[in-house]
Amino acid sequence: MEQHNILELHPGLVWGFAVTVVIMLLLDLGVFNKKSHEVSSKEATIWSVVWISLSMVFSGVVYWVFNTDGTAGSHAIAVEKFTQYQAAYWIEKALSVDNLFVFILVFGFFKVPKFLHHKVLFWGIIGALIFRAIFIFAGVELIELTYLPEMNVFGHAVKINVVMTLFGLFLIYAGIKSWGDDGDDDNENYGDTAGAKLIKSFWKVSDNYDGDKFFTVQNGIKMATPLLVVVAVIEFTDVLFAVDSIPAIFAISNDPFILYTSNIFAILGLRSLYFLLANFIHMFSKLPYGLAIILAFIGVKMLIAPWYHITSPVSLGIVGGVLIISVLLSIMFPDKKEDEEKKLD
């Protein structure tokens, strides 16, 4: 089924996707958020619904494009591509939630005023659009170039891919490491990370914010504000998280357009999700365990792919089931540490 490439079937869809994203970003920055302000829960809810709805509509378009003639074969291909998109979208969405924990810590560390959070996340998204495109399209090409010659393993003729095997091992390791993570990020010095060092190597950084400006002038000297440092830290943080999430979606499909569009729609909705969940993040205390299971599952799927193919609908069901169970367990068994902190407040 993978030989059916969406770019060949409907090249106009590329422009449709690009135009939609550009228009939504312009509306977001130039109309609805022209002035920096603190985003309310109501506004965050509306934008979350908008982005999720757009992504679901686009998944319907993917189905329609591949269901070219309405035959049983065409329908099967369309369902496979539709579920590939859905699985990649929800995997990226779930793994992106992990970013929210770090964003909260970064904003707290730099004491970023709440009315500036949206601007930081907006420019973080712009960077993600670029870096994710590089990672995904380069990754697909790299995978195509790293298949070993067909060989007989355990009585089966298989073609093993070196990159996918390494990705699989890495994701299993990442899942195990994530399960045992004790939350050391709470004590991390974000002012000493790669993003912060990069800005400080080019400009002096002022001690105080100057509204929503990235640069200010003090005593006749042009200086970067802490806001620019925060944007750089967020950008580098996203690149680090992409190291987990991008290999994970390669287990779902090798169609770069499906991978990129699902990834970008998930990322675009991350800002509104941040504002929606920031005050309720303690309700998702068990989510990191669910994400660890998802990473390990995807890693195993990659390793066994030469012998056994786990279909996209099955993958989507497992990912969705793990996410739902982890959220329900978080609500049923809230973190004791969070409860104690709330009582102290």
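The values are calculated or read from the model by the stated rules, or taken from the named source; none is laboratory data. Small disclaimer: the values here were computed from a predicted structure and weren't measured. Cβ placement follows ideal geometry from the backbone for every residue including glycine, while neighbour counts extend to all protein chains displayed. Protein only, heavy atoms only, side chains kept; ligands, DNA and RNA dropped before computing areas. Shrake-Rupley method; radii C 1.70, N 1.55, O 1.52, S 1.80 Å.
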Stokes-Einstein D for the stretch 241-309 (37 °C, 0.692 mPa s, Kirkwood Rh from Cα pairs), in µm²/s, comes to 236 µm²/s
Distance between modelled label sites at Val327 and Asn152, nm, 7 Å Cα→Cβ extension = 5.0 nm
What list of whole percents do you get for P(r) of the stretch 241-280, with Cα-Cα distances grouped in 5 Å bins up to the one holding the largest distance?
-> 6, 21, 24, 22, 14, 10, 4, 1
The stretch 86-101 - phi-based ³J(HN,Hα) in whole Hz, Karplus 6.51/-1.76/1.60, Gly and Pro as x = 4, 5, 5, 4, 6, 5, 5, 4, 5, 5, 5, 4, 4, 4, 4, 4
Can you list the HN-Hα couplings for the stretch 64-79, worked out from phi with the Karplus curve (6.51, -1.76, 1.60; θ = phi - 60°), rounded to whole Hz and with x for Gly and Pro?
-> 4, 5, 7, 7, 5, 10, x, 6, 4, x, 5, 4, 4, 5, 4, 5
If one builds a Gaussian network model of the chain from Cα atoms under 10 Å apart, the most fluctuating residue listed among Lys81, Lys42, Lys119 is Lys42
Can you pull the accessible area of His156 for me, 1.4 Å probe, Å² to the nearest 10?
-> 100 Å²
Debye, to nearest 20: dipole size of the chain, +1 on Lys, Arg Cβ, -1 on Asp, Glu Cβ | 640 debye
Please identify every one of the GluC sites (Glu not before Pro) in the stretch 37-117 that sits in a loop by DSSP and has no more than 13 other beta carbons within 10 Å of its own beta carbon.
-> Glu38
If you take the charge dipole of the chain about its Cα centre, with +1 on Lys and Arg Cβ and -1 on Asp and Glu Cβ, which of Phe131, Thr83, Phe241 is farthest toward its positive end?
-> Phe131
Counting only residues 5 or more places away or on other chains, whose amide H sits under 5 Å from the amide H of Gln218 once H atoms are built in the peptide plane?
-> Met223
In the structure shown, do any of Lys93/Lys286; Lys42/Lys222; Lys111/Lys204 have a Cα-Cα gap over 28 Å, and if so which?
-> Lys42/Lys222
Full extension from Phe115 to Ile134: what is 0.36 nm times the residue separation minus their Cα-Cα distance, to one decimal in nm?
-> 3.7 nm
The stretch 37-190: mean projected area of Cα convex hull, nm² | 13.8 nm²
Quarter of the surface of the C-alpha convex hull for the chain, i.e. direction-averaged projected area in nm², equals 20.6 nm²
Centroid-to-centroid separation of the stretch 299-327 and the stretch 157-173 [C-alpha atoms, Å] | 15 Å
Write down the radius of gyration of the stretch 109-262 and its Dmax, each obtained from C-alpha positions, in Å.
-> 20.6, 75
